[in-house]
Amino acid sequence: MFFPGWSTLLFVLSISYLAVALPVPISKRSHDSLQRQSLRLPISLQKRAGLTSEAGVGDLADLIYTVSVNLGNTTTAVVLDTGSSDLWVMSDACKTDVCQQSSSTPYATATARHTEAGVNLQFGDSTTGTHASGPVVLDTVALAGLSMEDQPFAAINDTNNSAAQHGTAGLIGLGFPSQSFVQAAVVNKQFNSPPTTDAFVTGTASNGPLLSRLAMSGQLENPMFAVAFQRNTIDVSGSGSITIGQLPDEIDNSSITWVPVRLYGAEDGGQNPPTFAPNETYPLRWEVPLDGVFLDGQKLSDTNATGVNKGLSALIDTGNSLIRGPQDVVNSVLRTVSPQFAADPTSRPLFPCATPHNLTFQIGGKMFPLDPRDFISPNSTQDATNCVARNVVATDPPSKGSLYSWSLGAPFFKSNTVVFYYGNLTHPSVDPPRIGFVSNVPQNANDLLQQAIADANAQGGVFESTVDVAPTASSVITVSATSLTLPTASATIIDRLASSPSPTSSTDTSSAFSSRALATYWSIH
């Protein structure tokens, strides 16, 4: 069977990009390096005729951020996840306890067109696990007012995953096609498990993830999207949104720090290149190099943990509720901020709410701190004096297919606007994928923390909080898919792939949504 992912994971587009404006080209270099030589190259975004859109983001306790999607005749909310690539939604055929107890609107399968393919997605890190399985269907799907016809997604009829709870019906993955199990299932069914990645790479225009198809259509102003999250706890503030095809109105390109996305060779767990582009190396996930991590101005060690060492990097993951890092480094952070934890590592890392701490990530030569309001969590209700460092926790060490040490989740997106640029997904060497960062932390962030604490004490020690429901789009524009043509010689290389292990995706324990590699490989035999 043909599985996407990594040479250790489970879980590419036209030969040219139909009039998509090309940023400054970056010369091809070793894929294993984190391409640090190009960190400060600006990306050139051009204004041209093209579609753009923006939508608000739902927020449940700063843990789950959602968007509204239309699937056929169904409108429902799903978790926004840059750490995975597939759209899956609880369907009206799901009868598990999670589905029966869910208050979310399930997908009405009456409008579904069946592909005869299916997926069984396994989520979990080294200690936990959930699943979501069901048929892959086709229907018209819209996000932020932009829709694609015949969009493949998983209509889940069996799941115990919490993405089908808490007012959400599933998850929309905004990652790269190489991580898409839905796309792989469709390609395997259509081409009888092909022995090369040719059909997978060229099939993204019709079978790929929603935003990859939109990027490849050539009809967006630029092949990218941007995400920022609001703050709904501690100090309610900010405005959450996803912007597609352009930069948010309040952000100028000159203010963005652009860095290259890590490319994964097959030996690192990435996909094998297609026969028509044998020298290409493809992105696997939205992962970027880190120059360093700092706490209160002091640089932290990278890690002393054993495992694969390919350089310090971070997954930029909206589906992760927390900041996750190496066990030894996280313990060092907690010991520094909490005398109680330093004395007893089994205790809660308590510290005074009024003591601001600055956890900062150096990316592309620039510092991107967490707002001190996003570092703390209440220890208990009616207590604005003692807080707990609950937003920084440990994750599994790097491994083949998952080379990152850190996963920057919701707290990071409350403090920063992040721009995800797909580039040329068929030939990344022509227009590499990149991520841009803009800090939203105000100069008076420490003062704002003190004011939030004062406001909480005035309310009996209760920090303010609210809940935002993901708004629905007022109108929808249908985007036409692009037809791809391969050279005749490579178009005929469609045969069969030897069987591989069952696909398994994964996530960290705090979130049933972010991905961490466990098992399956891009294996071409």
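The values are calculated or read from the model by the stated rules, or taken from the named source; none is laboratory data. Values in this document were obtained by computation on a predicted structure and should not be read as measured data. Note that we place each Cβ from the backbone using ideal geometry, even for glycine, and neighbour counts take in every protein chain shown. What goes into the accessible areas is simple: the full protein's heavy atoms, side chains included, and nothing from ligands, DNA or RNA. Shrake-Rupley method; radii C 1.70, N 1.55, O 1.52, S 1.80 Å.
A few points about this structure:
- Integer Hz, Karplus 6.51/-1.76/1.60 couplings in order for region 219-234, x for Gly and Pro: 9, 7, 4, 8, x, 7, 8, 10, 9, 9, 10, 7, 10, 10, 9, 6
- Highest-first arrangement of 344-352, 180-188, where packing means the average Cβ count within 10 Å: 180-188, 344-352
- Take each peptide in 106-112, 167-173, count the other Cβ atoms within 10 Å of every residue, and average; sorted highest first, the result is 167-173, 106-112.
- In Hz, Karplus ³J(HN,Hα) per residue of region 129-143 (6.51, -1.76, 1.60; θ = phi - 60°; x = Gly, Pro): x, 9, 9, 8, 9, x, x, 8, 10, 10, 6, 6, 10, 10, 10
- Taking only Cα atoms of region 322-373, radius of gyration then Dmax in Å: 12.3, 37
- Backbone phi angles across region 161-177, fed through the Karplus curve with coefficients 6.51, -1.76 and 1.60 (θ = phi - 60°), yield HN-Hα couplings of 7, 6, 5, 9, 10, 6, x, 10, 10, x, 8, 10, x, 10, x, 7, x Hz in residue order; Gly and Pro are listed as x.
- Taking amide H as placed 1.01 Å from N in the peptide plane, the amide H of LEU359 sits under 5 Å from that of ASP296, LEU370, each at least 5 places away or on another chain.
- Accessible surface of region 300-441, 1.4 Å probe, proportion on carbon and sulfur as whole %: 51
- Highest-first arrangement of 209-218, 242-251, where packing means the average Cβ count within 10 Å: 209-218, 242-251
- Counting only heavy atoms of the protein chains and using a 1.4 Å probe, ASP92 has close to 70 Å² of accessible surface.
- Ordering GLU280, GLU149 by accessible surface, largest first, gives GLU149, GLU280; the 1.4 Å probe counts only protein heavy atoms, with every chain in place.
- Accessible-area ranking of THR360, THR472, largest first, probe 1.4 Å: THR472, THR360
- Long-range HN-HN contacts of ASP291 with modeled amide H, under 5 Å: GLN362, ILE363, GLY364, GLY365
- Among beta bridges that DSSP assigns inside region 90-188, antiparallel share in %, nearest 5: 90
- For region 104-249, the solvent-accessible area works out to 25 Å² per residue, with a probe of 1.4 Å and every protein chain left in place.
- Take the Kirkwood radius over Cα pairs of region 207-257, plug it into Stokes-Einstein at 25 °C and 0.890 mPa s, and you get 192 µm²/s for translational diffusion.
- Spin-label pair ARG348-ALA61: with each label point 7 Å from Cα along the Cα-Cβ axis, the two points sit 1.4 nm from one another.
- Distance between the pseudo-spin-label points of ALA108 and VAL469 (7 Å out from Cα toward the beta carbon): 1.8 nm.
- A Cβ-based charge dipole, computed about the Cα centre of region 50-98 with Lys and Arg at +1 and Asp and Glu at -1, lands at about 160 debye.
- Of SER102, SER338, the residue with the largest accessible area leads and the full order is SER102, SER338 (1.4 Å probe).
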